[in-house]
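Right, one structure below, let's go through it.
Read-outs: derived from the displayed coordinates by stated rules, not from any lab. Since we're looking at a predicted model, the values are computed, not measured. Virtual Cβ from ideal backbone geometry, glycine too; neighbours counted across all protein chains shown.
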Amino acid sequence: MSYNPQNSNGQKTGANSSPVVIASDQSAVQVSLTPSTLIGSSSTTGWANSLLQSPAQAIKATAGTIQGWYIYNPNTVAAYINFYSGGTFQFCLGIPPLGGANASFPQGIYIGGAITASASTSANGATSISVTAVIFYS
């Protein structure tokens, strides 16, 4: 088979594109990142707590949107991250033992009251467990 610089697959999708090979002796490729604002948001604030646990801890004192999270559970049992609106349970996120969860919601998950969160050993539970968490909100 001879080299053909024209790809007959059309290159309109990744599955139809020719592979790119970088030689093993290639020097480092420089990458530049430019920070940007999340879609639909004029500003985003991160909230970090290395020991998110019960009782619920304040994230934002007023209504707003949760726009993402980075959470790590260093424990050998599952942890549940419980989100509240003005003290009323809204939803929870289960994190497996020694696992994590990373998510981004550019449009946000709207919470109508003060946003608080806790970490426990069951959904909406009271038995505290410590996890590392960064919650993004606006």
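Filtered by the rule that a residue be surrounded by 13 or more Cβ atoms within 10 Å (Cβ to Cβ) and not in a strand (DSSP E or B), region 83-98 gives a lone residue, GLY86. Picking from residues in region 99-138 that are over 19 Å from SER54 (Cα atoms) and touching a residue at least 60 places away in the same chain (Cβ under 8 Å), the one that is surrounded by the most Cβ atoms within 10 Å (Cβ to Cβ) is PHE136.
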